[in-house]
Amino acid sequence: MNAADASDSLSRFVFEGAAVRGTRVRLAQTTREILGAHAYPPALKRVLAELTAAAALLAAALKFDGRLSVQLAGEGPVRLIVVECNAALVLRATAQWDESQVRALPPDATLDALAGGAQHARLAIMLDPKDAGPLYQGIVSLESTSVASTIEHYLSTSEQVASKLALVVNDGEVAGVLLQRMPSSGPADDATWAHAVAALQAAALQVIVDATTDDAALAALFPEDDLRVFKRSTPRFECSCSRSRVEGALRIAGREEIEAALDDDGEVKVVCEFCGRAYAFTPDEARALFAARQVTAPPTRH
């Protein structure tokens, strides 16, 4: 871990004496690496950063041992956004978009404007268990215009958890606070929940991203509350791509497709959509992927 990673943090907290919990995340180095992998237009940069923070908050809230994926798919200027986060808060993200259409949008373009409207877009939350258990998928239509309100809608409908989410992006950094009522909460927690939501709504949200520590951010947001803050975690960017995985993908593509690429370009080049890393294969290297899979028949005995 390098020194810059100190600015990336995630802390869970609870309101003492009430079944109300929360999580604060701040991503600086992580978003710089994710957004720096491709030349994303400003409006897409903002939404991609917000979805990255939301994925980290969801992974922490769901306490899920596996990989969580947030996918936005639509027919608008942005065709696809994929953000992945695992239980260790390792994140990566990518997007597919129409350059001219996205560049024509203002930096504060709404989520539905980017994705093509509620009738042509959807947000999917997928949980892929580490133990190879069944895949879970929750789908949310874009009834809301922001990432925060869309995630709130998912949590209230699919997870049946009352939630309030605030996200702030500033100069390539993103931070967020997620408040939730615990499953055990009852009428006795109504006042604390209402107060916490009101405090988050009334706060100068810039403090969420400007505060360099979770403790400072929470003290500014909830100065009158007794919070118990748990051990800090450090989210980070890391891509799981590798040459061996690319080799496996090329084998699946098949010899015919590889030969076509060699005829066109003289080599096979694969660029990771998540991190932008390029993997190049000479003709000999590409063909060797298939030669290595051939099994020599044993000699015939006479």
Exercise. Report, by residue number, each residue of the stretch 96-147 that is over 25 Å from His38 (Cβ atoms) and among the aromatic types (Phe, Trp, Tyr).
Key: Tyr136
Exercise. List every residue pair whose Cβ atoms sit under 8 Å apart, with the two residues 6 or more apart in sequence or on different chains, where the first one lies in the stretch 130-159 and is at negative phi and the second, anywhere, is polar (S, T, N, Q) and surrounded by fewer than 18 Cβ atoms within 10 Å (Cβ to Cβ).
Key: Gly138/Ser158; Val140/Thr157; Val140/Ser158; Thr145/Thr110; Ser146/Thr110
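Can you tell me which residue is nearest to the chain's Cα centre (by Cα) among those in the stretch 102-137 that are among the acidic types (Asp, Glu) and surrounded by 13 or more Cβ atoms within 10 Å (Cβ to Cβ)? If you could, list the steps in order and put the result at the bottom.
Within the stretch 102-137, the first condition is being among the acidic types (Asp, Glu), and the residues that meet it are 108, 112, 128, 131.
If we keep only those that are surrounded by 13 or more Cβ atoms within 10 Å (Cβ to Cβ) as well, we get 112, 128.
Details: Asp112: 18, Asp128: 14 Å.
Filtering the stretch 102-137 for residues that are among the acidic types (Asp, Glu) and surrounded by 13 or more Cβ atoms within 10 Å (Cβ to Cβ), the one nearest to the chain's Cα centre (by Cα) comes out as Asp128.
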Quiz item: Among the numbered criteria (1) out of contact with any Cys (no Cβ under 8 Å at 6 or more places or on another chain); (2) surrounded by 13 or more Cβ atoms within 10 Å (Cβ to Cβ), which single criterion is violated by Glu224?
Solution: (2)
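Considering each of Ala216, Ala249 in turn, give the residue that is among the aliphatic types (A, V, I, L, M), without any contact (Cβ under 8 Å) to a residue 24 or more places away in the chain and over 25 Å from Gly36 (Cβ atoms).
Numbers: Ala249 fails: over 25 Å from Gly36 (Cβ atoms).
Checking each option against the conditions leaves just Ala216.
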Quiz item: Would a scan of the stretch 112-123 turn up a residue that is within 26 Å of Arg236 (Cβ to Cβ) and either in contact (Cβ under 8 Å) with a residue 12 or more places away in the chain or of a type in the set (A, V, I, L, M) (or both)?
Solution: yes
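Going by what's in this entry, would Arg12 be described as of a type in the set (Lys, Arg), within 30 Å of Leu227 (Cβ to Cβ), open to solvent by 10 Å² or more (accessible area, probe 1.4 Å) and at pLDDT 95 or above?
Values: of a type in the set (Lys, Arg): yes; within 30 Å of Leu227 (Cβ to Cβ): yes; open to solvent by 10 Å² or more (accessible area, probe 1.4 Å): yes; at pLDDT 95 or above: yes.
The answer is yes for Arg12.
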Quiz prompt | Every pair of residues 6+ apart whose Cβ atoms lie under 6 Å, when the first sits in the stretch 22-42 and is at pLDDT 95 or above and among the hydrophobic types (A, V, I, L, M, F, W, C) while the second is part of a strand (DSSP E or B) and open to solvent by less than 30 Å² (accessible area, probe 1.4 Å) | solution = Val25/Leu10; Val25/Gly176; Leu27/Val174; Ile34/Ala93
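Residues to consider are Val147, Val140; find the one that is closer than 13 Å to Val70 by Cβ, touching a His at 6+ places or on another chain (Cβ under 9 Å) and either loosely packed, with under 14 Cβ neighbours inside 10 Å or of a type outside the set (Ser, Thr, Tyr) (or both).
Values: Val147 fails: touching a His at 6+ places or on another chain (Cβ under 9 Å).
On inspection, the qualifying residue turns out to be Val140.
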Quiz item: Mind checking which residues of the stretch 250-275 are part of a loop (DSSP other than H, G, I, E, B) and surrounded by 15 or more Cβ atoms within 10 Å (Cβ to Cβ)?
Solution: Cys272, Glu273, Phe274, Cys275
Quiz item: What pairs can you find where one residue is in the stretch 43-58 and open to solvent by 10 Å² or more (accessible area, probe 1.4 Å), the other is part of a helix (DSSP H, G or I), and their Cβ atoms are less than 6 Å apart, with a gap of 6+ or different chains?
Solution: Lys45/Leu35; Glu50/Val147
Quiz prompt | Number of the exception - Arg293 against (1) under 31 Å from the mean Cα position of the chain (by Cα); (2) modelled with pLDDT under 95 | solution = (1)
Quiz item: Of all residues in the stretch 73-89, which are at pLDDT 95 or above, open to solvent by less than 20 Å² (accessible area, probe 1.4 Å) and not in a loop (DSSP other than H, G, I, E, B)?
Solution: Val78, Ile81, Val82, Val83, Cys85
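Hey, can you tell me all the residues within the stretch 189-215 that are assigned to a helix (DSSP H, G or I), of a type in the set (A, V, I, L, M, F, W, C) and surrounded by 13 or more Cβ atoms within 10 Å (Cβ to Cβ)?
The first filter runs over the stretch 189-215 and keeps only residues assigned to a helix (DSSP H, G or I), leaving 189-202, 206-210, 214-215.
If we keep only those that are of a type in the set (A, V, I, L, M, F, W, C) too, we end up with 191, 193-194, 196-200, 202, 207-209.
Matches in the stretch 189-215: Trp193, Ala196, Val197, Ala199, Leu200, Val207, Ile208, Val209.
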Self-check item: Neighbours by Cβ (under 7 Å, 6+ apart or cross-chain): first from the stretch 280-292, open to solvent by less than 40 Å² (accessible area, probe 1.4 Å); second of a type in the set (Asp, Glu)
Solution: Phe281/Glu267; Leu289/Glu247
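The values are calculated or read from the model by the stated rules, or taken from the named source; none is laboratory data. Predicted model, so just to flag it, every value in this text is computed and none were measured. Note that each Cβ is placed from the backbone with ideal geometry, even for glycine, and that neighbours are counted across all protein chains shown. With ligands, DNA and RNA removed, areas are computed over all heavy atoms of the protein, side chains included. Shrake-Rupley method; radii C 1.70, N 1.55, O 1.52, S 1.80 Å.
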